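What follows is a short report on a single structure.
The values are calculated or read from the model by the stated rules, or taken from the named source; none is laboratory data. These numbers come from a predicted model, not from an experiment. Every residue, glycine as well, gets a Cβ built from its backbone with ideal geometry; the counts of neighbours run over all protein chains shown. Side chains included, ligands, DNA and RNA excluded: accessible areas come from the protein's heavy atoms. Shrake-Rupley method; radii C 1.70, N 1.55, O 1.52, S 1.80 Å.
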Amino acid sequence: SLARRGVCKMCHIFLLLWLLHFSSVYSDITDGNAEHLKREHSLIKPYQGVGTSSSSQWDFWGSTLVTSQYVRLTPDERSKQGSIWNTVPCYLKDWEMHVQFKVHGSGKKNLHGDGIAIWYTKERLHPGPGSNGNFHGLAIFVDTYPNDEASDRSFPYISAMVSNGSFAYDHGKDGRSTELGGCSAEIRNKDHDTYLAIRYSKGRLTIMVDVDDRNEWKECIDIGGVRLPTGYYFGASAATGDLSDNHDIISMKMYQLMVEHTPEEDSQDWTKIEPSVSLLKSPKDNIDDPTGNFRSTPLTGWKVFLLLLCALLGIVVCAVVGAVVFQKRQERNKRFY
């Protein structure tokens, strides 16, 4: 009937519009295309740009050892701290950092520590994750040891934190009071390297992991309402205490995401943005949230799709029911004439 054909046509139009929307949202996710690799912000074998000279793009401090195969931030020894920092400030508005790393050592279960931190901060900080006090910017912590004995989380645990310098990472609580979200990930003592992807685009921060070396990303954190300025520095650090591990960085690859911005966004001075996150409650309230995932953020592409799909199904059902009712009434009317 005409009604049913109209409904089908409407479905096709809707699906076409959704596919266009979906492709526009996710077309900027990099697949490691070398065309968008920013070498001045990338740490790649054989690490030729690493050193202490004025022309070096990366320098290192503390216990960091640079070899031809990896950058070892700490050896499997007690009380070591090391870090490596990009000397070139990043002015990209939308980016994705892929970190290839390996945490391994002789310590058995719960007898190893402490972990790796990946930074995007206003200043290049001193060695050791979380030992830098009140920083400005973004930190991703790969925490391998639970300092909080009352914690119900499984470690190693990955978490994210954004700070404007007014609060610091709380070691005693494993950063729980300031984290934006997190997930457990079995990254230690693998036979292969493990991977972490940090993506920032149009105010959304997404952390993904690949711990099985299958070239498949699994989402760990996805949060909107994040504001990060340009002109900050990327770095990585690690620390050991009474317990230890080898903390190795194999590569840090920075990709530029090709994203369109509004004229208002383009005219804004992104170097003056204050690091912040739009949340219903402050990070300190997160200590009472057992999941570690609280946020009031824009809907992700999948959530938008599911909502639109439900709305479409509702419209289709109503339209079909309406068409059937209308057709039956027409048939009844014909019988009376």
Exercise. Residues of region 38-74 being in contact (Cβ under 8 Å) with a residue 24 or more places away in the chain, in a loop (DSSP other than H, G, I, E, B) and open to solvent by 30 Å² or more (accessible area, probe 1.4 Å), which ones?
Worked result: LYS38, ILE44, LYS45, GLN57, SER63, GLN69, TYR70
Exercise. Applying the selection to region 255-281, what residues are in contact with a His (Cβ under 8 Å, 6 or more places away or on another chain), part of a strand (DSSP E or B) and surrounded by fewer than 22 Cβ atoms within 10 Å (Cβ to Cβ)?
Worked result: GLN256
For this session: Would you list the strands (runs of 3 or more DSSP E) that sit entirely within region 83-196 and hold 2 or more residues that are open to solvent by less than 10 Å² (accessible area, probe 1.4 Å) and at pLDDT 95 or above?
Result: 95-104, 115-121, 136-143, 157-164
For this session: Determine if region 202-211 includes at least one residue that is among the charged types (D, E, K, R), over 19 Å from SER251 (Cα atoms) and part of a loop (DSSP other than H, G, I, E, B).
Result: yes
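Conditions (1) of a type in the set (D, E, K, R); (2) more than 23 Å from HIS136 (Cα to Cα); (3) at pLDDT 95 or above, marked per residue:
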site	(1), (2), (3)
VAL209	no, yes, yes
ASP212	yes, yes, no
ALA239	no, no, no
ASP248	yes, yes, yes
LYS253	yes, no, yes
GLY292	no, no, no
ARG295	yes, no, no
Problem set entry | Meets criteria (in contact with a Ser or Thr (Cβ under 6 Å, 6 or more places away or on another chain) and within 26 Å of GLN256 (Cα to Cα)) for GLU96 | yes
Exercise. Can you find even one residue in region 212-219 that is of a type in the set (Lys, Arg), open to solvent by less than 30 Å² (accessible area, probe 1.4 Å) and under 16 Å from the mean Cα position of the chain (by Cα)?
Worked result: no
